[in-house]
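Read the structure below first, then the notes.
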Amino acid sequence: MAASDAVPRPTGQIFQTSTMTAMLEGVYEGTTTIAELRRHGDFGIGTFDRLDGEMIVLDGRCYRLRADGTAGEADPATRTPLAAVTWFHGEYDWRTEEPLDAAGLRTLIDGRLPSPNLFYAVRIDGHFDHMVTRMLPEQHRPYQRLIDAVAGQIISTHTDLRGTIVGFRSPTHMLGVAAAGYHLHFLSRCRTRGGHAYDFVLRSGRVRFDVGYELCLRMPRTQDFERAQLGRGDVAAEIEAVLQGRRPRA
């Protein structure tokens, strides 16, 4: 359901449930419902209870793409262990007609940011020559750490399709709360393909982003979270490895 016009649409606010360090330690039980999440934004990304699906919140609708290939709108009663949403306005807006790979697009956006020290909600609508995505299978107790769960990822390569990249760019000084740098998901225009966006080539498209000045962070009220050894090890290396789908370097 699209957000009602009666719902306030503040500018520059990001609402997030839990943290990346909690995910690294296997805190996968959902605590916030999708219905509650949508009261805080119409745009964002995340995952679902026990990592059962990749989440894309786009134009007020929450989509769930599972490792078994099923896709559709998420049940509002479903819970999420990690998600971030905002009200998207598209404050910065331009088109690109030149092909760009993932690194080139990040460089292009970085060159237009007011500051590297803020959060940004990023949306790219376009025609992609190829898009490589991943999804993780549902996890079960006893939960393994995220770096180990990634070993079971399902990789898909899509070619010549239109769709939307949804995600955030987080500042380095917020590492651990979020993934420093870009964390992007993809949803096809037919709303049936996508997932965590690994690699891609954008043929042409529209690039928009908003600046995030305010972060509202909701911590899980669970024993798993309270007992987790958050922040241990090389957090930066593990987050990078998880986003890239590989083991961290020794």
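The values are calculated or read from the model by the stated rules, or taken from the named source; none is laboratory data. Because the structure is a prediction, the values reported are computed rather than measured. Quick reminder, even Gly has a Cβ in these numbers, built from the backbone with ideal geometry, and neighbours come from all protein chains shown.
Listing for the model above:
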item	result
The one condition in (1) among the small types (Gly, Ala, Ser); (2) in contact with a Ser or Thr (Cβ under 9 Å, 6 or more places away or on another chain); (3) touching a residue at least 60 places away in the same chain (Cβ under 8 Å) that residue 245 fails to fulfil	(2)
Region 77-112, residues that are in contact with a Lys or Arg (Cβ under 8 Å, 6 or more places away or on another chain), surrounded by fewer than 22 Cβ atoms within 10 Å (Cβ to Cβ) and under 30 Å from residue 221 (Cβ atoms)	78
From the options 184, 100, 175, residue that is under 22 Å from residue 26 (Cα atoms) and in contact with a helix residue (DSSP H, G or I) (Cβ under 8 Å, 6 or more places away or on another chain)	175
Residue 143 within 28 Å of residue 29 (Cα to Cα), over 19 Å from the mean Cα position of the chain (by Cα) and surrounded by 15 or more Cβ atoms within 10 Å (Cβ to Cβ)	yes
Filter pass, residue 38 being surrounded by 15 or more Cβ atoms within 10 Å (Cβ to Cβ), free of Cβ contacts under 8 Å to residues at least 60 places away in the same chain and out of contact with any Leu (no Cβ under 7 Å at 6 or more places or on another chain)	yes
Answer from 241, 197 - the residue that is small (Gly, Ala, Ser) and more than 22 Å from residue 61 (Cα to Cα)	241
Residue in region 41-50 that is closer than 18 Å to residue 23 by Cα, out of contact with any strand residue (DSSP E or B) (no Cβ under 8 Å at 6 or more places or on another chain) and modelled with pLDDT of 95 or more present	yes
Residue in region 146-159 that is surrounded by the fewest Cβ atoms within 10 Å (Cβ to Cβ), counting only those that are in contact with a strand residue (DSSP E or B) (Cβ under 6 Å, 6 or more places away or on another chain) and either of a type outside the set (Val, Ile, Thr) or in contact (Cβ under 8 Å) with a residue 40 or more places away in the chain (or both)	155
1 or more residues more than 14 Å from the chain's Cα centre (by Cα): qualifying strands (runs of 3 or more DSSP E) within region 22-97	61-65, 71-73, 92-96
The one condition in (1) assigned to a strand (DSSP E or B); (2) more than 18 Å from the chain's Cα centre (by Cα) that residue 166 fails to fulfil	(2)
Matching option when the condition is touching a residue at least 12 places away in the same chain (Cβ under 8 Å), small (Gly, Ala, Ser) and under 25 Å from residue 132 (Cα atoms), among 60, 12	60
Odd one out for residue 195 among (1) buried (at least 19 other Cβ atoms within 10 Å of the Cβ); (2) at pLDDT below 95; (3) at positive phi	(2)
Unique match (being of a type in the set (D, E, K, R), modelled with pLDDT of 95 or more and in contact with a Ser or Thr (Cβ under 7 Å, 6 or more places away or on another chain)) among 91, 29, 36, 25	29
